[in-house]
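A short write-up of the structure that comes next.
The values are calculated or read from the model by the stated rules, or taken from the named source; none is laboratory data. What you see is a predicted model; the values in this text were computed from it and never measured. Cβ: placed from backbone, ideal geometry, glycine included. Neighbour counts: every protein chain shown. Accessible surface is based on the protein model in full, side chains and every heavy atom, while ligands, DNA and RNA are left aside. Shrake-Rupley method; radii C 1.70, N 1.55, O 1.52, S 1.80 Å.
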Amino acid sequence: MSHNCIFCKIVGRSIISTILYEDARILAFEDTKPQAPIHILVIPKVHYSNILEAAEDMPLLGDMLTAVMRLAREKGIADDGFRTVINTGPNGGQTVYHLHIHLLGGRFFKWPPG
């Protein structure tokens with residue numbers, strides 16, 4: 001756990017967030033600056049700066065995607081579609097250096113994204 005990481009602080013409950021899913025390894029919560037009607041962040045409880053650092057923990061990455069699918073169904077966006085995003089590094093648009101998957105839904109998304 002990184003003491004300066006905002007997501008680690010959410011995991012440690014020193015920052016309050018609207019938690020939507022939690023298990024032994026994963027936490028999912030509402031994004032505070034949503035880019036869609038549904039915008040959820042799915043994170044590992046252990047600190048990995050990005051997906052490259054977590055590459056050797058395939059079970060964790062699979063669990064994160066399973067949580068995304070579960071949340072998409074629970075939020076009613078599975079049938080109409082949704083977008084998942086994992087930003088990595090500055091050119092990838094990563095601003096919080098703790099691995100996270102954005103689950104976005106509830107509106108139409110254009111391509112390319114930006």
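Taken over region 71-107, the criterion of being out of contact with any Leu (no Cβ under 8 Å at 6 or more places or on another chain) and surrounded by 17 or more Cβ atoms within 10 Å (Cβ to Cβ) is satisfied by Ile77, Asn87, Gln94, Tyr97, His98, Leu99, Leu104, Gly105.
In the condition set (1) open to solvent by less than 70 Å² (accessible area, probe 1.4 Å); (2) in a loop (DSSP other than H, G, I, E, B), Arg13 is compliant with all but (1). Taken over region 30-44, the criterion of being open to solvent by 50 Å² or more (accessible area, probe 1.4 Å) and either closer than 12 Å to His100 by Cβ or over 14 Å from the mean Cα position of the chain (by Cα) (or both) is satisfied by Pro37 alone. Out of region 52-70, which residues are open to solvent by less than 40 Å² (accessible area, probe 1.4 Å) and in a loop (DSSP other than H, G, I, E, B)? Listed by number, the residues that qualify are Ala54, Asp57.
For region 17-27, the set of residues classified as among the β-branched types (Val, Ile, Thr) and either under 23 Å from Asp57 (Cβ atoms) or modelled with pLDDT under 95 (or both) consists of Ile19, Ile26, listed by residue number.
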